[in-house]
Amino acid sequence: MSTFRLDVVTPNRHFFSEEVEMVIIRGTEGDLGILKGHYPMVTQLGIARLKIKQAGQWKEAAISSGYAEVKENYIMIVTDSAEWPDEIDIDRAAAAMERAKDRLKHGPTDLDLVRAEAALRRAITRIDVAKRNH
């Protein structure tokens, strides 16, 4: 299968930079499967799993919001955070999920609600990625 370059960067590190066969990302319109030769586009990314196919094998990472720039033979993903399953502390993510649920119950302002919902989505995604890959 043909390959193309995938770069994933966060404010703190260059998370991934290798040749891949396919990438599945969650854009504003839903999940997108990207292969070599995909039409150029830019899409906003949500809090979700990033799925990478490399040498016939799939790997997953948890990413936060950001954007993806897709070119014919290259994808650049810029995201607030990215973690491999073995980097995720499930207990810490579960505690963050409980805090977010509590804030959703008691959050008095719209801003608190938005932040709590984002924190809950991040925690659920991190737990999902970690559990699927252990």
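The values are calculated or read from the model by the stated rules, or taken from the named source; none is laboratory data. On a predicted model such as this, the values are computed, not experimentally measured, just so you know. Cβ placement follows ideal geometry from the backbone for every residue including glycine, while neighbour counts extend to all protein chains displayed.
For region 75-85, enumerate the residues that are surrounded by fewer than 18 Cβ atoms within 10 Å (Cβ to Cβ) and not charged (D, E, K, R). Working first, answer last.
Restricting attention to region 75-85, the residues satisfying the condition of being surrounded by fewer than 18 Cβ atoms within 10 Å (Cβ to Cβ) are 76, 78, 80, 84.
Correct list: Met76, Val78, Trp84.
So which residues in region 42-74 are touching a strand residue (DSSP E or B) at 6+ places or on another chain (Cβ under 7 Å), hydrophobic (A, V, I, L, M, F, W, C) and surrounded by fewer than 19 Cβ atoms within 10 Å (Cβ to Cβ)?
Val42, Trp58
Taking region 22-41 only, how many residues are farther than 10 Å from Ile75 by Cβ and crowded, with 18+ Cβ neighbours inside 10 Å?
3
Just to be sure I understand the filter: pairs with C-beta atoms under 8 Å, separated by 6 or more residues or on different chains, first member in region 10-29 and free of Cβ contacts under 8 Å to residues at least 40 places away in the same chain, second member exposed (fewer than 10 other Cβ atoms within 10 Å of the Cβ) and not aliphatic (A, V, I, L, M). Which pairs pass?
As it stands, the answer is Glu21/Gly56, since those pairs meet every condition given.
State all residues of region 63-82 that are touching a Lys or Arg at 6+ places or on another chain (Cβ under 7 Å) and modelled with pLDDT of 95 or more; if no residue qualifies, say none.
Step one: list which residues in region 63-82 are touching a Lys or Arg at 6+ places or on another chain (Cβ under 7 Å), which gives 64, 73-74.
Once the filter is applied, which keeps residues that are touching a Lys or Arg at 6+ places or on another chain (Cβ under 7 Å) and modelled with pLDDT of 95 or more, region 63-82 yields only Tyr74.
Can you name the residue in region 3-19 that is surrounded by 13 or more Cβ atoms within 10 Å (Cβ to Cβ) and of a type in the set (S, T, N, Q) and is also farthest from Trp58 (Cα to Cα) among such residues?
Checked region 3-19; the qualifying residue farthest from Trp58 (Cα to Cα) is Thr10.
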